[in-house]
Amino acid sequence: MSQVPTPTLRLSKEQHTLDFRATHAPAARVGSGTVARFETGDIAYERLSQGESIESIGLESFNRVTGPVFVDGAQPGDAIRVTILGIEIVRSWSVWLPGFGELGGFTDAIVARQIPLEGGRAIISKRIAVPIEPMIGCIGLAPKDGAGSTFSPAYHWGGNMDLREMSPGTAVDLPVEVPGGLLSIGDHHAAMGQGEPTWVSLESAGASTVRIELIRGAGITHPVIRRDGKVGFVGQADTLAAAHSHAAHRAWEWLIAQGLEPFEAYAYASARMEMRLGGPASPQVIAMLPEDLS
């Protein structure tokens, strides 16, 4: 693995907000190409493990995001590219909540346990350990109107997307809606199943080191992901079926923009397109294609 560059900007977990909002004062201003480190904490999970209620902690405290960062020169119509260079996981938790998520019906009490991290693995029990595969759950810009939740839904400018692809080696382009973009990052995970099947992952305190770049005139409307020679188009809608269609249509438009004739694009998509679920905050599907059309 290549060495992670030394960040020129470090944001602490104290520099956080509870939502995405254009009126938040920037925690920092940066130029394109800046390498920044976003630290996040886990105090809400620690308090939950000590017996405090979700109501007393405050639901919004569980997905605090660090930032926002103002990117000089960013204007609506541009994109901000965030390349994930490295993620450090400091502490991790597994939380099981009654009635929450697909498996929440199998418990009648809140279970919040710290998960030890040793030798690159998360130790669930004496018998079970899983690889640490760190990722970012919540990454986004500010909306032009109102505030965006760090929980639900996910938005076309980012938010709580819970995409397993948001790990080291990935670049994501996010559409700018307000001057400076106002980038925030939070909700680190030590590991998460594809699509976050339980609605909870191994929730973690940690830090992401990322490169922030301004892409002028990108003209995108939803996130675009690049990883391992593939390009992915996030589809979002009111239903999973509609999100599937949206992602496929975005991928089709990209193929046509690469110069393929309609039948070529159709046949190529039939052979090479991969469809993956995003997180459960709202219906999301990713359509992935080889960037070189191989």
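The values are calculated or read from the model by the stated rules, or taken from the named source; none is laboratory data. This one's a predicted model, so the numbers in the text were calculated from it and none came from an experiment. In this analysis, Cβ positions are derived from the backbone assuming ideal geometry, glycine residues included, and neighbour counts consider all displayed protein chains. We work out accessible area using only protein heavy atoms, side chains counted, and drop any ligands, DNA or RNA first. Shrake-Rupley method; radii C 1.70, N 1.55, O 1.52, S 1.80 Å.
Of all residues in segment 27-35, none satisfies being open to solvent by 20 Å² or more (accessible area, probe 1.4 Å), more than 20 Å from LEU214 (Cβ to Cβ) and not β-branched (Val, Ile, Thr). If you go through segment 11-44 one residue at a time, how many are more than 19 Å from the chain's Cα centre (by Cα) and farther than 20 Å from PRO179 by Cβ? Looking only at that region, the number is 3.
Across segment 214-262, the number of residues qualifying as part of a strand (DSSP E or B) and touching a helix residue (DSSP H, G or I) at 6+ places or on another chain (Cβ under 8 Å) comes to 5. As for segment 213-220, it holds at least one residue that is at pLDDT below 95 and either of a type in the set (Val, Ile, Thr) or open to solvent by 50 Å² or more (accessible area, probe 1.4 Å) (or both). Within segment 275-293, the set of residues being over 19 Å from MET135 (Cα atoms), open to solvent by 50 Å² or more (accessible area, probe 1.4 Å) and in contact (Cβ under 8 Å) with a residue 40 or more places away in the chain comprises GLU291, ASP292. Looking for something in a loop (DSSP other than H, G, I, E, B), free of Cβ contacts under 8 Å to residues at least 60 places away in the same chain and under 30 Å from GLY119 (Cα atoms) - is there at least one such residue anywhere in segment 31-53? Within segment 31-53, one or more residues are in a loop (DSSP other than H, G, I, E, B), free of Cβ contacts under 8 Å to residues at least 60 places away in the same chain and under 30 Å from GLY119 (Cα atoms). Among the residues of segment 176-202, those identified as under 30 Å from GLY73 (Cα atoms), open to solvent by less than 10 Å² (accessible area, probe 1.4 Å) and part of a strand (DSSP E or B) are LEU183, SER184, ILE185, GLY186, HIS188. Counting only residues that are part of a loop (DSSP other than H, G, I, E, B) and open to solvent by 60 Å² or more (accessible area, probe 1.4 Å), which one in segment 5-25 is farthest from VAL90 (Cα to Cα)? It comes out as THR23.
In segment 231-247 there is no residue matching the filter, namely being over 21 Å from LEU174 (Cβ atoms) and either under 14 Å from the mean Cα position of the chain (by Cα) or crowded, with 20+ Cβ neighbours inside 10 Å (or both). Out of ALA74, ALA44, one residue alone is within 20 Å of CYS138 (Cα to Cα), open to solvent by less than 40 Å² (accessible area, probe 1.4 Å) and among the aliphatic types (A, V, I, L, M). It is ALA44.
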